[in-house]
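Structure record follows, encoded as structure tokens.
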């Protein structure tokens, strides 16, 4: 493992090959806001909040730090006028889906994002994929997945698997930044669980 | 649809997980929709999670998770057809079949869909029924055509 040195916000950081820019920043205590990032899951790059500005060979560009691998001599800016402006826009777009999500409020204040800038589209799910990925990667139960595509994309439980597995797990619940997941679970329970599976048996 | 037939289709594709979409397409074309039991069978035999099958089956418009009618009517609402009066043709089809776009009637006779271009704009307004293309349609003409399907 060779060491790579890069510069993050003017600070020299040494990182191992294969690390992402986000991991390198976190290793020296530089904060980059994230939403869809979870340390025990594969990087996903869904929320785009962790975008940073890179300067290499005289040009600057924006990349998503949670999936961008470190390179020798990178110059990273986690806050710049450009980054802040785009992050504010991303926050406003996310807030149009979930205007009262706790995880977004502080960030919205910091970046001056107006949660009413875009027309409300109260799907409440911001498609971070945390529940879907946690269920598949950590629990290996695959009880929840995405359905449909584009603007219609949403999360959906498989009722048969959820009725068996979810009662004693629910580990994905605290991960959800918007509580859309809890709502989806309640809906699945009401619509599609057979009555015999409605209560967990006391023996379990 | 009989599960034996689903098994045969899966066997034809040698039970390969990479043939998932082909298997779903074969089931779809034989049965006109994908019943839940068939999807569970495919998931079990291919060792593919049901969430992924659900994701794929809802992603592509070629798949349907609800029963479809014996005849699929596609009314083109592309620009060329639109300016030549596709809206009135669609209204006529809606009245004749008593269903709205995206729906199927109760005796599973017709399913109605709107499409955005069938690629033969010179023939507009175009209606496609079971793969047969009817060009230069008018409300009265499409009524005669639809009568011949049962």
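Once the Cα gyration tensor of the range A:130-197 is diagonalised, what are the square roots of 5 times its eigenvalues, in whole Å and ordered largest first, as equivalent ellipsoid semi-axes?
18, 15, 11
Entry note, chain A: relative contact order of 16 percent, from Cα contacts under 8 Å with a spacing of 6+ residues.
Peptide A:132-141 has a mean of 1 when you count, residue by residue, the C-beta atoms of other protein chains within 10 Å of its C-beta.
The range A:7-41 and the range A:73-137 have their alpha-carbon centroids 19 Å apart. Does the range A:3-111 come out rounded, prolate or oblate, given a ≥ b ≥ c as the square roots of the eigenvalues of its C-alpha gyration tensor, rounded meaning a/c under 1.5 and, failing that, prolate meaning a/b above b/c? In terms of gyration-tensor shape, prolate.
Between residue B:98 and residue B:5, the contour length at 0.36 nm per residue exceeds the alpha carbon distance by 30.2 nm.
Against chain A, whose longest principal axis is taken from its Cα atoms, helix A:102-111 shows a tilt of about 20°.
Residues A:50, A:169, arranged from fewest to most other Cβ atoms within 10 angstrom of their Cβ, appear as A:169, A:50. Taking every pair of alpha-carbon atoms in chain B, give the share separated by more than 26 Å as a whole percent. In whole percent, the share of Cα-Cα pairs in chain B beyond 26 Å is 37.
Inside 10 Å of the C-beta atoms of B:12-19, what's the mean count of C-beta atoms belonging to other chains?
Per residue, the average neighbour count from other chains is 0.
Compared with the dominant Cα axis of chain A, that is its longest principal axis, helix A:180-192 is turned about 20°. All Cα-Cα distances of the protein assembly as shown, cut into 20 Å bins from zero to the largest, leave 23, 43, 31, 4 percent in each bin in turn. Using only the alpha-carbon atoms, how far is helix B:86-97 inclined from the longest principal axis of chain B? Give it as 0 to 90 degrees, nearest 10. So the helix axis and the longest Cα principal axis differ by about 70 degrees.
Each Cα pair under 8 Å and six or more residues apart adds its sequence gap; the mean of these over the residue count of the range A:130-197 is a relative contact order of 30 percent.
Partner shielding of B:50-58 amounts to 6, given as the average count of beta-carbon atoms from other chains within 10 Å of each residue beta-carbon.
The numbers here are math on the coordinates, done by the rules we state, and not lab data. If you're wondering where the values come from, they're calculated on a predicted model, not measured in any experiment. All Cβ positions, even for glycine, are placed from backbone atoms using ideal geometry, and neighbour counts span all protein chains on display.
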